[in-house]
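Just so it is clear, none of the values below were taken in a lab; they were calculated from the coordinates. What you see is a predicted model, and the numbers here were worked out from it, not measured in a lab. Neighbour counts run over all protein chains shown; Cβ positions are idealised from the backbone, glycine included.
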Amino acid sequence: MPAADGDHSGVVDPYEHLHDEAYARPFALGRVGADGLVTTAGRTLVSLDGDWRFCIDPHDEGLRQAWYADEPLPAASWIAPRDYDDGAWQTVPVPSCWNTQKPEWRHYEGGAWYTRLFEHRPGPVGERVMLHVGAAAYEARVFLNGAFIGAHRGASTPFCLELTEHLRDGTNRLQIQVDNARRAERVPMHHTDWFNYGGLYRSVSLLRLPPVFIRDFGVGLVPGSGFGRVFVDIALSAPVYGEATVAIDGLLPPHPIPVTGGRGRIELELAPELWSPDAPRLYDVTLGFGADTVADRIGFREIRVEGERILLNGRDVVLRGVSVHEDDLHSGKTSGEADIRRRYADAKELGCNFLRLAHYPHDARAAAIADEVGLMLWAEIPVYWAIDFTGPDSYDDAANQLAELITRDRNRASVILWGVGNENADTDARLSFMGRLAGLARALDPTRLVTAACLIDRQRFAIADRLADSLDVIGLNEYFGWYEPSFDGLRRLLANSAPGKPVIISEFGADAVAGLRGGARELFTEDCQEAVYREQLAILATAPYVRGLTPWILYDFRTERRQTAFQRGWNRKGLIAEDKTTRKRAFAVLADHYSALAAAETRSTQPQEPEEP
Ligand code: GCU
């Protein structure tokens, strides 16, 4: 097609990038990250959820031709041809994964456009309006009324962009281009054992804020203070001076926080009732500065390691867990509150006090509801399998996803571990990359433990990943009885290992088709999965440094790399089938095991009955 010349309907030449690939560069410059996040705690959000216009755009035509630049016009008004007309597009609900909306989009990977109109009336003078996106898989570029506002990468963490100067009094046009292509520099990279969903799959909202507002805050126990000292820190949107206030219902009446250069921190001698899974005590906390107020429900607890033990509030705790993906038969990676509560109800029926939220940051409500129902969590970023460990781009991306996760969930008592990766070959580049991430996690949040799901050191046949030196708790994935049929290797591994730190077996398991019965060594039968659980649990119980289990996995989940007649695009290691109802025989095996562990823990904490004379 010849490059067009002459007058165009839009404000830019739509054919400028017809013959080049430089079109995406301007949109990488406006990338936002953790520093741009604004807390939503206790705020009234203006929801932009609902029907948006949607169109796939595999050639990035929208960025090349600046689809965002043209005002929507009826075709009869065009003075030059256009290649899009968002008024004629199909609609999809936000939040949702486009893969679940139309059969033809099931396996679509690439760019796509979301666009909607919304009405806005200016607020008080100086009001600032932020866009808050719960998550967009994988990269998002935001345009408002024809202007490029900014971009974000990372498929599972929130981001904020300021819209203030581009808002109109009346009708506004918001467009978000989302791209979920798997790329070498992305985190995760090309190859994952879970389905690559795409889209605006968590809520989109507006925050209406005063000129100076509370960007972030933290409230918790000062580690090592004997549960008697509480910190409160606050960060404002501007380097101003003044006084903020904090109040903790039933614990602290309104108390001043001096603010210097936009930041403040106090520590107070307070002895809150401690949060634990058995007693998930939450306090209503309110912070204010000027015209801004935020509120949250916060639990106070301390988590630390001592030798090969994990101590919750100073007491040795065994983590009875299970792993879980964000994946649903109908809604894909979009998790509603009911889905999260069902997940936790099933985990509690298993006897869990702990879950591993694999392999990426889950919906913000996952940690908030775990706070409420009493479950501890391992939260992680998707530094999964092979990542470009040598590239600056991938480190910046991984580090930002970690910072966004920690910023979002730092006030969640349920989160006790930050996981910085999963099953990465032990190379020098990987060691440096993940050692830096572990250091970043500690620097951002000294109140939690750092872990990663490591692999067995095959040379020494031991738990000896070099990354362990950077971790508080060592996660270990092993599949004896499944990928390695013999359990002898597990016995040998445990006998060879002296980790000197607590170990969580972060994955073991076996595939089983729900309802398929057969012999204990008949692959993909429930009987085989049951036998693997029985043998694994018996052997793992012999290792004193194993202080937690998160068997793989609570529910069957989608993954296109599994295509036998047993799997057909599903990973069948779930203890419950993908209908999230049908339990497999191994469910009862794990439940019995956890019931015995919990009983033993109760006995160990009860005052001993005096010996009969
Ligand atoms: C790995 C990986 C999981 C995967 C599992 C499996 O351990 O961490 O993401 O699903 O094995 O093979 O089922």
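Observations
- The range 153-239: relative contact order in percent, alpha carbon pairs under 8 Å with at least 6 residues between: 18 percent
- ³J(HN,Hα), Karplus 6.51/-1.76/1.60, whole Hz, each residue of the range 420-428, x for Gly, Pro: 9, x, 8, 6, 9, 4, 7, 10, 5
- Look at the dipole of the chain built from charges on Cβ: of 293, 89, 415, the Cα furthest out on the positive end belongs to 415.
- 3J(HN,Hα) couplings calculated from phi for the range 458-467 with the Karplus curve 6.51 cos²θ - 1.76 cosθ + 1.60 (θ = phi - 60°) are, in sequence order, 6, 5, 8, 6, 8, 7, 8, 5, 4, 5 Hz; Gly and Pro show x.
- Looking at the range 317-604, the DSSP beta bridges with both ends there are about 15 percent antiparallel.
- Note on the chain: antiparallel DSSP beta bridges, both residues inside, total approximately 70 percent of the bridges counted.
- Whole-angstrom Cα spans of the range 512-613 along principal axes, big to small: 64, 26, 25
- Over the chain, the ratio between the Cα radius of gyration and 2.2 N^0.38 Å evaluates to 1.02.
- Pairwise Cα inverse-distance average, inverted: Kirkwood Rh of the range 317-604 (Å): 19.1 Å
- Alpha-carbon centroid distance for the pair the range 420-445 / the range 38-61, whole angstrom: 32 Å
- Projecting the Cα atoms of 235, 310, 175 onto the charge dipole of the chain, computed from C-beta unit charges around the Cα centre, puts 310 farthest toward the positive end.
- The order of 482, 378, 67, going from fewest to most other C-beta atoms within 10 Å of their C-beta, is 482, 67, 378.
- Percent of alpha-carbon pairs separated by more than 30 Å within the range 16-209: 18 percent
- Proxy reagent accessibility, fewest Cβ within 10 Å first, across 513, 420, 473: 513, 473, 420
- Computed about the Cα centre, the dipole magnitude for the range 225-301 is approximately 160 debye when only Lys and Arg (+1) and Asp and Glu (-1) carry charge, each at its Cβ.
- Seen against the Cα atoms of the chain and their longest principal axis, helix 585-605 is set at about 70 degrees.
- Whole-Hz ³J(HN,Hα) from phi, Karplus 6.51 cos²θ - 1.76 cosθ + 1.60, for the range 263-271, glycine and proline x: 10, x, 8, 10, 10, 10, 6, 9, 10
- Relative exposure of 68, 283, 555, judged by other C-beta atoms within 10 Å (fewest first): 283, 555, 68
- Amide H contacts of residue 220 (H built 1.01 Å from N, under 5 Å, at least 5 apart or other chain): 231
- Net charge dipole size for the chain [Lys, Arg +1 and Asp, Glu -1 on Cβ; Debye, nearest 20]: 960 debye
- Using alpha-carbon coordinates, inclination of helix 392-409 to the longest axis of the chain, degrees: 70 degrees
- Sequence-distant residues sharing a close amide H with residue 244 (under 5 Å, placed H): 257, 259
- Degrees separating the helix 364-373 axis from the principal Cα axis of the chain, which is the longest one: 40 degrees
- Distances between placed amide hydrogens fall under 5 Å for residue 15 paired with no residue 5 or more residues away or on another chain.
- Checking the cross-link pairs 102/333; 501/584; 348/584 against a 27 Å limit on the alpha carbon distance flags 501/584 as lying beyond it.
- Projecting the Cα positions of 379, 518, 567 onto the charge dipole of the range 317-604 (unit charges on Cβ atoms of Lys, Arg, Asp and Glu, taken about the Cα centre) puts 518 furthest along the positive direction.
- Sum of -39500 (n - 2.57) over DSSP H runs of 4+, divided by residues of the chain (222 nm, nearest 500): -6000 deg cm²/dmol
- Reciprocal of mean inverse Cα separation for the range 489-551 (Kirkwood radius, Å): 12.7 Å
- Cα centroid separation - the range 555-613 against the range 145-201, whole Å: 37 Å
- Considering only the range 489-588, percent of DSSP beta bridges that pair antiparallel, nearest 5: 40 percent
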